[in-house]
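Below: the structure, in C-alpha cells.
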Amino acid sequence: MNQIRSHAQRLSQAAAFLFAATAITGFAQTNAQVPVIQVQADKVTAKMPPTFYGLMTEEINYSYEGGLYGQLIRNCTFKEDAIQPNIRANAYDPAKYYPASYPAGRAPRFWSSVGGAALVLDAGTPLNDALNVSLKLDASSASKTSPAGLANGGYYGIPVRPKTTYKVSFFAKAAPGFTGPLMASIVSTNGQVLASAAISGVTGEWQKFEATLKTKGVKPSKDNIFKLTTTAPGTIWLQEVSLFPPTYKNRPNGDRVDISKLLTDAQPKFLRFPGGNYVEGGDFVNRFNWKQMVGPVEQRPGHRSCWGYWSTDGFGLPEFLGWCQDVGMEPVMAVFAGYTLNHDHVTNSAALEPYVQEALEEIEYVTGDASTKWGAQRIKDGYPNPFPLHYVEIGNEDFFDRSGSYEWRFAQFYDAIKAKYPQLKIISTTAVKSRTADLNDEHYYESEEAMEGQSFMYDTRDRSNPTKIFVGEWATRVGSPTPNMAGALGDAAWMCCLERNSDIVLMHCFAPLFVNVSQLNGNNRSMQWASDLIGYDALTSYGSPSYYVQKIFSLNHGDEVLATSSQNLPVRTAPAGRGGGTRQIKSLFYSATRDSVSGKITLKIVNSADTPQPVTIDIGGVKSVATKGTATVLKAANRTETNSIKDPQHLVPVNEKIKGLGASFTRTFPPCSVTILELNAK
Ligand code: AHR
C-alpha cells in the first residue's frame, strides 16, 4: 500500500525534478517550492450526485427564437408590434387572457414588400383569439410578369443547405376574386431561387397550407430570404407563416440539429428552465404563463420576453420537455412565484393561491398520466410518457424582492407542493426561515480573478445546514459574445471547487447557455447578455472554451469524490477588482474523483498562470497506480485566445496517452491550461 510520503521527502524530490526540468528546458521557475497535491483514495468525501452537471436556459440572446427552436421565419405571427395591457399584480386575474392590441396602419416588423404589394397589420381579421391579428397583403399590383407578395429575412438570414427539405406552412384566406396560387420560395442575395413550391386553394375561409421546399446541390449559405408571392392580383390575409429545416431527431416543431448535437455531446444531466428572469417576466401580463404555451402553436398567444423581443411561444412547455428528452436531461423546473421583474408582486395569500394551483397543475402536466387533466394534455401534445421530475424551483432571484414577501410566498408553494408531491425537492431562490428548503439556488457572475479567488469557498461551508446548494446560474464573464480562455480557466477552477464539495453542492449549471452572434449591438441586436456558453448565427454554431471545459468536466468524473489536500499552491498577481490595484490569487486548482467500480481516478488540474507549472501528485490509499494513463488538455498560448463563429475550433481539448504516472509523480502543466488525468489505480 502506498503511503503519502513525508513533506520533507516530497520537497527534496520536487526540487530535484525542478532542477532537472530547468536544465532541460531552460525555463526559470520563480517559485522554488513545487506544489504538492495529495489525493487520499481511501477517503471518500462525497458520492457525486448523478445529476451534478446540467444546463440552464431561458429566452435571452435569441436562445429559442432565432436559436435552438428550428422555426426560421422572424415575426411569424406578426405580433412583434403587439401592445400588451399594463396591469399591476393587484388588478391582474391569472385565469384571464389579456389580448394585445396593435398600432394602426403599420406593416409588421421584419417583413418587406415584393413587387409593390402593400403590407399592413390587420386586427380586424384575426386567425383566432390567441393570434388576434393577421397580415393583410394587398397584391393588386401582381401580374404574370411581375409577382407581388412579401419577404422575410429570418433571424439574421434564412440558412440553406444542399439537398435539404424545408417544411413551409401558413394560415391564409383571400378576398373574393383571388385565384392564386401562392409561390413559396427561398431566394439567395443575388436573386437565385434555391427552392420553391406552388400552393393553391386559398379561399375566403382561414385554412392551413403546407408544402415542402427542396434544395438541390447548393452551397450552404445564410444570407437568403423567404418569399411568398403571387402572379394573380388580389388581397390575402396570412398568419403563422413558418419554415422548418430538418430538426433534431426529426421532432415535429423541433430543434436545430447542430446546436442540439453540441449539447448532447456534453452529456448534461438536467435542464434548469424556464429561467432566470424569463420565468418571472417583465410584468404580470408577460410572466411565464405555461398554460398559454401548450397545445397547437397557433393557439399560443405569445408574450414579450423580459429581454425585449417577442416570444411566439412556439417553443413552449412541451418543447422544453422534448428538448430534455432528446438530449437525455431531466427537467429542473422553475415555477412562476407571484413576483415580476418590475418588483410587482401579489400581496396576500388568497391572491397567491391561484399561482400555487397553477404550479401544481404544471407539475401534473410534466409528471401526470393519462388519467389526469394535464397529463392527458401533455400526451395530446406528443409526449406519452411522464417525465422524471425531482426538483421544482420557486421563482428566481427573489432576493431582489425587497418587500420580504418571498418568505410567505415560498412557504405557501412549499406546503402545497410537499402535500401533493412529497417526493419532490423544493429549491428556494434566497434564504427562507419558516421552511427548510431542500436546496437554495446561489448565483455567481464574476471576473476570472474573482472566480478563481473564490474557488475554495465551499470547502469551509457549514456542513450541518440541511438546505443543500444548487448553483443554478454562474459564469466567469470574460469575453464577448462568448467567454475566452480566461473565462474557461475561471470556470474550471470554480468547477473543481464545486466537484470537491458535491456533498453540499448537489447540482450546478453555467448561464446563459446561448447567444445568437449575428448582430451584437444596435437596434434589433441579437445579444442582450455577453459571455454565453454557445454562439451561433443562422447557419453554424460553436462552443466557447468554457463550453469545452463544461464538456470535459461533465464527461470525465467518477461517482466518488476523494479527499484532497495541497501544499505550496502558487500564486499570481491579478487585478484586485473595482477598487483598482492588484492582489495575489492562487493559480493552481484541483479535484479528484473515482469510479467506484473500476477504481479509475480522475484528477482535474487547472494552471491559470502564464507559465508552465510542475506539480507533484501523491496518491495515497491505493495498492498501485499504472504508469500509463490518459490526459485531456485544453490550453491556450494566452488567456485572451478564444473560439468564434469564424474560428469555431481554435481551442479544443486534446486527448493523449501519457506515461510517467504512478502513486507519486511530478508533471508539468502547460500555462493557461485545464488538464484531466485518468489514472488507472487499484
Ligand atoms: O443569466 C442572465 C440573468 O442573470 C438571469 O436571467 C437572471 O436570473 C440573472 O440575474
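The values are calculated or read from the model by the stated rules, or taken from the named source; none is laboratory data. Note that the coordinates shown come from a computational prediction; the quantities given were computed from them, not determined experimentally. Because the Cβ atoms are built from the backbone with ideal geometry, glycine has one as well, and the counts that use them run over all protein chains shown. Just the protein is used for accessible areas: all its heavy atoms, side chains included, with ligands, DNA and RNA removed. Shrake-Rupley method; radii C 1.70, N 1.55, O 1.52, S 1.80 Å.
Along the charge dipole of the chain, which of GLY543, VAL327, THR203 sits closest to the positive end, that is, farthest toward it, with unit charges on the beta carbon of Lys, Arg, Asp and Glu (+1, +1, -1, -1)?
Farthest along the dipole direction, towards plus: GLY543.
What is the percent carbon and sulfur in the accessible area of the chain, measuring with a 1.4 Å probe over the protein chains and ignoring ligands?
Working: 13440 of 25640 Å².
Here it works out to 52 percent.
If you add up the charges near PHE470, with Lys and Arg at +1 and Asp and Glu at -1, over every other residue whose beta carbon is less than 12 angstrom from its beta carbon, what do you get?
Working: positive: ARG272, LYS425, LYS468; negative: GLU393, ASP438, ASP441, GLU442, GLU473.
It works out to a net charge of -2.
Over the C-alpha atoms of region 537-588, what are the Rg and the largest Cα-to-Cα span, Dmax, in Å?
17.7, 49
Report the label-to-label distance for LYS659 and ASN385 in nanometres (one decimal), using points 7 Å from each Cα along the Cα→Cβ vector.
Calculated label separation equals 4.7 nm.
Could you provide, to the nearest whole Å², the per residue accessible area of region 340-383 with probe 1.4 Å?
Numbers: 1850 Å² over 44 residues.
About 42 Å² of surface per residue is accessible.
Let me see the pair-distance distribution of region 107-175: every alpha carbon pair, 5 Å bin width, integer percents in order.
Histogram of Cα-Cα distances, whole percents per bin: 4, 13, 19, 21, 20, 14, 7, 1, 0.
With +1 on each Lys and Arg Cβ and -1 on each Asp and Glu Cβ, and nothing else charged, work out how big the dipole of region 556-682 is about its Cα centre, in Debye to the nearest 20. Could the numbers behind the result be given before it?
Values: 16 positive and 9 negative charges, 36 e Å.
Taking the Cα centre of region 556-682 as origin, the dipole is about 180 debye.
How much length is gained if the chain between ALA104 and VAL120 is pulled fully straight, taking 0.36 nm per residue apart and subtracting their Cα-Cα distance, in nm to one decimal? Before the final figure, lay out the partial values.
Working: separation 16, 0.36 × 16 = 5.76 nm, distance 0.85 nm.
Computed gain between ALA104 and VAL120 is 4.9 nm.
Enter the per residue convex hull volume of the chain, computed from alpha-carbon coordinates, in Å³ rounded to the nearest integer.
Working: hull volume 117.3 nm³, N = 682.
Dividing the Cα hull volume of the chain by its residue count gives 172 Å³.
On a full-extension model of 0.36 nm per residue, what is the gain between ALA350 and ASP459, subtracting their alpha-carbon distance, rounded to one decimal in nm? Walk me through the numbers before you get to the answer.
Details: separation 109, 0.36 × 109 = 39.24 nm, distance 4.24 nm.
The span from ALA350 to ASP459 would gain 35.0 nm if fully extended.
What distance in nm separates the simple spin-label points at LYS420 and TYR97, each placed 7 Å from Cα in the Cβ direction?
2.2 nm
Which distance in Å, rounded to a whole number, links the C-alpha centroids of region 576-653 and region 305-378?
Rounded to whole Å, the Cα centres lie 39 Å apart.
So in the chain, what percent of DSSP beta bridges are antiparallel if you round to the nearest 5? Kindly include the intermediate steps, with their values, before the conclusion.
On the way: 103 of 139 bridges.
Just about 75 percent of them are antiparallel.
For the chain, with the dipole built from +1 on Lys and Arg beta-carbon atoms and -1 on Asp and Glu ones, taken about the Cα centre, which of PRO99, GLY180, VAL346 lies farthest toward the positive end?
The one lying farthest along the dipole's positive direction is GLY180.
Between region 499-527 and region 535-563, what is the C-alpha centre distance in whole Å?
If you average the Cα positions of each part, the centres end up 12 Å apart.
Principal axis lengths of region 450-563 from Cα atoms, whole Å, largest first?
50, 26, 22 Å, listed from the longest principal axis down.
Report, in debye and to the nearest 20, how large the dipole of the chain comes out about its Cα centre when Lys and Arg carry +1 and Asp and Glu carry -1 on their Cβ.
Value, rounded to 20: 1720 debye.
Which of PHE665, PHE284, LEU127 sits closest to the plus end of the dipole of the chain, meaning its Cα is farthest towards the positive end, when Lys and Arg get +1 and Asp and Glu get -1 on the C-beta?
Selected residue: PHE665.
Rounded to whole Å and sorted largest first, list the principal axis extents of the Cα atoms in region 63-144.
That works out to 57, 33, 18 Å along the principal axes.
Hey, what's the Kirkwood Rh for region 273-381 if you take every pair of different alpha carbons, in angstrom?
Numbers: mean 1/r = 0.0691 Å⁻¹.
Its Kirkwood hydrodynamic radius stands at 14.5 Å.
Please compute the length gained on full extension between THR179 and LYS623, using 0.36 nm multiplied by the number of residues separating them and subtracting their Cα-Cα distance.
Values: separation 444, 0.36 × 444 = 159.84 nm, distance 8.41 nm.
Contour length minus the Cα-Cα distance gives 151.4 nm.
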